[in-house]
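Input: a single structure, listed below in structure tokens.
The values are calculated or read from the model by the stated rules, or taken from the named source; none is laboratory data. Quick caveat, the model's predicted, so the values are computed rather than measured. Every residue, glycine among them, receives a Cβ derived from its backbone with ideal geometry; neighbour counts consider all protein chains shown. Each accessible area value is taken on the protein alone, full model and side chains, heavy atoms only, with ligands, DNA and RNA left out. Shrake-Rupley method; radii C 1.70, N 1.55, O 1.52, S 1.80 Å.
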Amino acid sequence: MSVPHTAATGYSVVIPTVGRPCLADCLAALASSIGPEPREIVVVDDRPQPEPLRDELSLEELGPLRERATVVQTGGRGPAGARNIGWRMVTAPWVAFLDDDVRVGARWRESLVRDLAGADPTVAGVQGVLDVPLPTGRRATDWERNTAGLARARWATADMAYRTEVLKAVGGFDERFPRAFREDADLALRVLDDGWRIRRGSRLTVHPVRPADRWVSLRMQRGNADDALMLRLHGPAWWRRAAAPRGRIRRHAAVTAAAAAALVLAAAGRRGAAALAGAGWLLGTAEFARARISPGPRTREEVTTMLATSVLIPPLAVYHRLAGTLRHRGAGPWEGARAPAAGPGGGPGEGPGTGHRAGSGAGSGGSAGRGGGT
């Protein structure tokens, strides 16, 4: 049964991107989905390259929705900043955020409107249902299992709809989160603290596992700095409120301390004590590697990658956590620029960046030009 598309369920779509090839699949899925059309589609080009060096973003995959599309350039502000620029350009009462590597379901637009229609006045946001397909016929790799965690995550902006008025009230995403990590949980916690509710909807979106090199787990350790900011902003209870896994930072700290102690003691000539500390480091590293290898495919490449990265991850995690704690030691509540409320005519709040309607003016046929962290 179709759902009436009323003013109360009007929505716009915001898609941050760094121009990855998967954007074409995302736009094609949105265009082919059944249901009421979005009022606007804002594709936020968050590539840092100067405009003359950018390849054009093609919006041809949007088909008949192309005339509703706007491309806005940021110069590379990160996912939080890109989304802020995008939602400040819309006029609809709801903003549906999509990542550029997702593919909405065949009836996503219809299901989205049903989700929004079912949101009572106390509901600020409605989360989509994410499906992360994993390979059949073999066990998932460490990276694939990590991505699959998105299916259980709360408030993931891979598919998340918020009331535009709520985004204005809380100032949008905190741009001190530079990666696609924790910025969505931070926003949701601030919305909840403001007295609103967030619920899970029924619309389905597929989030494929994107290709990654064998060292991706090392780059992911930068997220420990974002955890330090979350701790500063929301206190130690934020893990429980967000139902987020605590990770292994305490174990990583112990393993790193053991390695450092072994080196210092060996330099001081205390071989026995150094050997004990070294044994502690070895046992801790072996336990970590085993925990990552055991559920995986155990191929030669996977095993060697897990062994190498299990040695490097603990000190990297500790470094980024300490750096984040130091960097954000004085951080207070997010006081980002807030878009002015629309007047009776319904004009959007202005945000930074430059944009144009696809197919009009300079950049006809696309744009002169999200990506995220890991």
**Request:** Please find the FRET efficiency linking E56 to A28, where r is the Cβ-Cβ separation and R0 is fixed at 22 Å, and quote it to the nearest 0.05.
**Result:** 0.80
**Prompt:** In terms of the Cα gyration tensor, with a ≥ b ≥ c the square roots of its eigenvalues, is region 215-332 rounded because a/c is under 1.5, prolate because a/b exceeds b/c, or oblate?
**Reply:** oblate
**Message:** As an exercise, use a Förster radius of 30 Å and the Cβ-Cβ distance of E301 and R246 to find the FRET efficiency, rounded to the nearest 0.05.
**Reply:** 0.55
**Request:** Grab the other residues whose beta carbon is less than 11 angstrom from that of G105, score K and R as +1, D and E as -1, and report the net.
**Result:** +1
**Highest average packing first - 201-209, 128-136, Cβ atoms within 10 Å** = 201-209, 128-136
**Residues of region 282-320 with amide N under 18 Å of a point placed 7 Å along Cα→Cβ from A260** = 282, 284-285, 311-320
**Prompt:** What's the carbon and sulfur percent of the chain's accessible surface, probe 1.4 angstrom, rounded to a whole number?
**Reply:** 57
**Request:** Determine the percent antiparallel among the DSSP beta bridges restricted to the chain, to the nearest 5.
**Result:** 40
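What ranking do 323-332, 83-92, 187-196, 279-288 get when scored by the average of other Cβ atoms within 10 Å per residue, highest first? Walk me through the numbers on the way to the answer.
Working: 323-332: 13.2, 83-92: 24.7, 187-196: 18.0, 279-288: 16.2.
Highest-to-lowest ranking by the protection proxy: 83-92, 187-196, 279-288, 323-332.
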**Request:** Select from G10, V166, L282 the residue farthest towards the positive end of the dipole of the chain; place +1 on Cβ of Lys and Arg, -1 on Cβ of Asp and Glu, and compute about the Cα centre.
**Result:** L282
**Prompt:** Could you give the distance between the Cα centres of region 147-182 and region 248-284, to the whole Å?
**Reply:** 39
**Request:** Compute the distance in nm between two label points, each set 7 Å from the Cα along the Cα-to-Cβ direction, one at R39 and one at R138.
**Result:** 4.8
**Asked** Ranked highest first by average number of other Cβ atoms within 10 Å, how do 229-241, 61-73, 37-49 line up?
**Response** 37-49, 61-73, 229-241
**Asked** Rounded, prolate or oblate: which fits region 69-149 when a ≥ b ≥ c are the square roots of the eigenvalues of the alpha-carbon gyration tensor, with rounded for a/c under 1.5 and prolate only if a/b beats b/c?
**Response** oblate
**Request:** Report the charge-dipole magnitude of the chain in Debye, nearest 20, computed about the Cα centre from +1 at each Lys and Arg Cβ and -1 at each Asp and Glu Cβ.
**Result:** 1660
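Could you give the size of the charge dipole of region 20-122 about its Cα centre, using +1 on the Cβ of each K and R and -1 on the Cβ of each D and E, expressed in debye and rounded to the nearest 20? List each step's numbers first, then the result.
Details: 13 positive and 17 negative charges, 48 e Å.
Here the size comes out at about 240 debye.
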**Message:** Quick check: from the Cα gyration tensor, does region 1-140 come out rounded (a/c under 1.5), prolate or oblate?
**Reply:** oblate
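FRET efficiency for L218 and A151, Cβ-Cβ distance as r, R0 = 35 Å, nearest 0.05? Mind dumping the intermediate values first?
Details: r = 24 Å, r/R0 = 0.69.
Approximately 0.90, to the nearest 0.05.
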**Item:** Relative pair counts by distance (%), Cα atoms of the chain, 10 Å bins
**Value:** 5, 22, 30, 23, 12, 5, 2, 0
**Prompt:** On average, how much accessible surface per residue is there in the chain, in Å², for a 1.4 Å probe, leaving out ligands, DNA and RNA?
**Reply:** 45
